[in-house]
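To start, the structure itself, in structure tokens.
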Amino acid sequence: MILANKINLVLLGPPGAGKGTQAVLLKKAYGFLHISTGDMLREAIKEGTSAGKAAQGYMTKGELVPDEIVTRAVIGRMNKPDAESGVILDGYPRTRVQAESLDSSLKSENRSLNMVLYFRTSEKVAIQRLSGRRLCPKCGKNYHVTNMPSKIEGVCDICGVSLIQREDDNPETVKNRLVVYEDRTKDLIDYYEKSALLREVNGDLSAEELFEGIATLFKREGLVDDNSDE
Ligand code: AP5
């Protein structure tokens with residue numbers, strides 16, 4: 001595992017595009033720090049922090065949590081020492097205001113984004129993935145009932161506990177999350193296209209095919225050492 005540069009990467013795409021799944025694979029292969037705003041917010045809710053209390057209602061309905069709450073959490077995390085050698089931002093930014101806040105925060109630290117990976121994903125695939133997603137409540141491992149099933153149905157391979165469904169993966173909330181993505185986040189494709197950072201990948205591919213494609217892209221763009229053993 002060798003990184004040519006310290007890289008800061010954004011994963012952009014609709015709910016169910018497979019951003020979290022790829023972030024885990026990329027972290028394993030290249031050692032980036034994975035910052036998932038969804039995970040951070042769910043953790044804050046579990047801990048009962050003020051940010052968690054403020055976020056809960058929005059998340060249950062599939063609405064976006066206010067920009068200032070999310071930005072404070074992300075920037076705070078990015079300023080910790082373990083983020084210096086590169087981060088994968090999964091689920092942030094999601095609005096133009098968040099993208100601008102990220103730009104100015106990175107600039108003030110003499111850092112910048114290296115790439116925005118846009119997972120172009122069909123709605124049919126996204127819905128199929130979200131409706132079948134299952135999670136381990138103990139270790140957080142992500143499964144899918146047909147695409148990535150656990151060895152024993154409904155049981156985590158690692159912890160042996162019963163898998164659960166995310167509260168916002170019910171059909172009504174999924175529908176709203178996809179609408180909110182179209183309304184509030186899709187605009188960022190333009191934003192990053194203009195800054196020449198956007199690279200598109202086919203989110204409908206299998207997790208393995210997608211990872212191969214991203215690894216090839218990283219090499220082609222000189223983001224990782226050509227001899228790295230991803
Ligand atoms: P968040 O947790 O970020 O959810 P999301 O963006 O809706 O994305 P998902 O986690 O649902 O999908 P994913 O693309 O990561 O797919 P995954 O890899 O899990 O956000 C939740 C909420 O928090 C938001 O609605 C909002 O309220 C709030 N929030 C978060 N960030 C915010 C922000 N910046 N601003 C404001 N509010 C914010 O895969 C899905 C399933 O498919 C899994 O079962 C997986 O096993 C399977 N799968 C994955 N990849 C593949 C593949 N290639 N082929 C087949 N199956 C696959």
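Would you mind stating whether GLU193 is of a type in the set (Asp, Glu), surrounded by 13 or more Cβ atoms within 10 Å (Cβ to Cβ), more than 10 Å from the ligand (Cβ to nearest atom) and over 17 Å from the mean Cα position of the chain (by Cα)? Before you say what the answer is, go through the steps one by one.
Numbers: of a type in the set (Asp, Glu): yes; surrounded by 13 or more Cβ atoms within 10 Å (Cβ to Cβ): yes; more than 10 Å from the ligand (Cβ to nearest atom): yes; over 17 Å from the mean Cα position of the chain (by Cα): yes.
Yes.
The single condition among (1) touching a His at 6+ places or on another chain (Cβ under 9 Å); (2) closer than 28 Å to ILE7 by Cβ that ARG134 does not meet is (2). Do the conditions hold for ARG199, that is, is it in a strand (DSSP E or B), basic (Lys, Arg), in contact (Cβ under 8 Å) with a residue 12 or more places away in the chain and more than 9 Å from the ligand (Cβ to nearest atom)? Yes: the conditions hold for ARG199.
For ASP226, the criteria (1) in contact with a helix residue (DSSP H, G or I) (Cβ under 7 Å, 6 or more places away or on another chain); (2) under 20 Å from TYR30 (Cα atoms); (3) at pLDDT 95 or above; (4) not β-branched (Val, Ile, Thr) hold in every case but one, which is (3).
Can you find a residue in the stretch 135-145 that is more than 20 Å from ALA23 (Cβ to Cβ), at pLDDT 95 or above and touching a helix residue (DSSP H, G or I) at 6+ places or on another chain (Cβ under 7 Å)? It would help to see each step written out before you state the result.
Filtering the stretch 135-145 down to residues more than 20 Å from ALA23 (Cβ to Cβ) leaves 145.
Then drop every residue that is not at pLDDT 95 or above, which leaves 145.
Next, from what is left, pick out any that are touching a helix residue (DSSP H, G or I) at 6+ places or on another chain (Cβ under 7 Å): 145.
So far as the stretch 135-145 goes, yes, one or more of its residues are more than 20 Å from ALA23 (Cβ to Cβ), at pLDDT 95 or above and touching a helix residue (DSSP H, G or I) at 6+ places or on another chain (Cβ under 7 Å).
Restricting attention to the stretch 113-134, which residues are under 24 Å from VAL201 (Cβ atoms) and within 10 Å of the ligand (Cβ to nearest atom)? Please lay out each step first, then the result.
As a first pass, look at the stretch 113-134 and keep what is under 24 Å from VAL201 (Cβ atoms): 113-133.
Answer for the stretch 113-134, where residues must be under 24 Å from VAL201 (Cβ atoms) and within 10 Å of the ligand (Cβ to nearest atom): PHE119, THR121, VAL125, ALA126, GLN128, ARG129, LEU130, SER131, GLY132, ARG133.
Under the condition of being touching a helix residue (DSSP H, G or I) at 6+ places or on another chain (Cβ under 7 Å) and surrounded by fewer than 18 Cβ atoms within 10 Å (Cβ to Cβ), which residue from the stretch 175-190 is modelled with the lowest pLDDT? Of everything passing the filter in the stretch 175-190, ASP187 is modelled with the lowest pLDDT.
Quick check on my filter: what residues within the stretch 27-42 are within 10 Å of the ligand (Cβ to nearest atom), in a helix (DSSP H, G or I) and of a type in the set (Ser, Thr, Tyr)? Quick ask: steps written out before the conclusion?
Just the residues of the stretch 27-42 that are within 10 Å of the ligand (Cβ to nearest atom), to begin with: 36-42.
From what's left, in a helix (DSSP H, G or I): 37-42.
Result: THR37, single match.
Residue by residue through the stretch 49-65, note down the ones that are in contact (Cβ under 8 Å) with a residue 60 or more places away in the chain and of a type in the set (D, E, K, R). Hits for the stretch 49-65 are LYS61, GLU63. Give the stretch 16-33 a look and list any residue that's at pLDDT 95 or above, under 16 Å from CYS139 (Cβ atoms) and not hydrophobic (A, V, I, L, M, F, W, C), or say none. Answer for the stretch 16-33, where residues must be at pLDDT 95 or above, under 16 Å from CYS139 (Cβ atoms) and not hydrophobic (A, V, I, L, M, F, W, C): GLY20, THR21. Filter the stretch 98-144 down to residues that are in contact with a strand residue (DSSP E or B) (Cβ under 8 Å, 6 or more places away or on another chain) and of a type in the set (A, V, I, L, M) and give me whichever is surrounded by the most Cβ atoms within 10 Å (Cβ to Cβ). Filtering first and then ranking leaves LEU117. Of all residues in the stretch 122-177, which are more than 28 Å from GLY57 (Cβ to Cβ) and assigned to a helix (DSSP H, G or I)? Residues satisfying the conditions are LYS124, VAL125. Taken as a whole, the stretch 11-26 holds no residue that is out of contact with any Asp or Glu (no Cβ under 8 Å at 6 or more places or on another chain), outside any strand (DSSP E or B) and surrounded by fewer than 17 Cβ atoms within 10 Å (Cβ to Cβ). One residue stands out among those in the stretch 72-97 that are more than 19 Å from ALA23 (Cβ to Cβ) and within 11 Å of the ligand (Cβ to nearest atom): the one that is surrounded by the most Cβ atoms within 10 Å (Cβ to Cβ), which is THR95.
The values are calculated or read from the model by the stated rules, or taken from the named source; none is laboratory data. Given the structure is predicted, the values throughout are model-derived calculations rather than measurements. We place every Cβ from the backbone using ideal geometry, glycine too, and count neighbours over all the protein chains shown.
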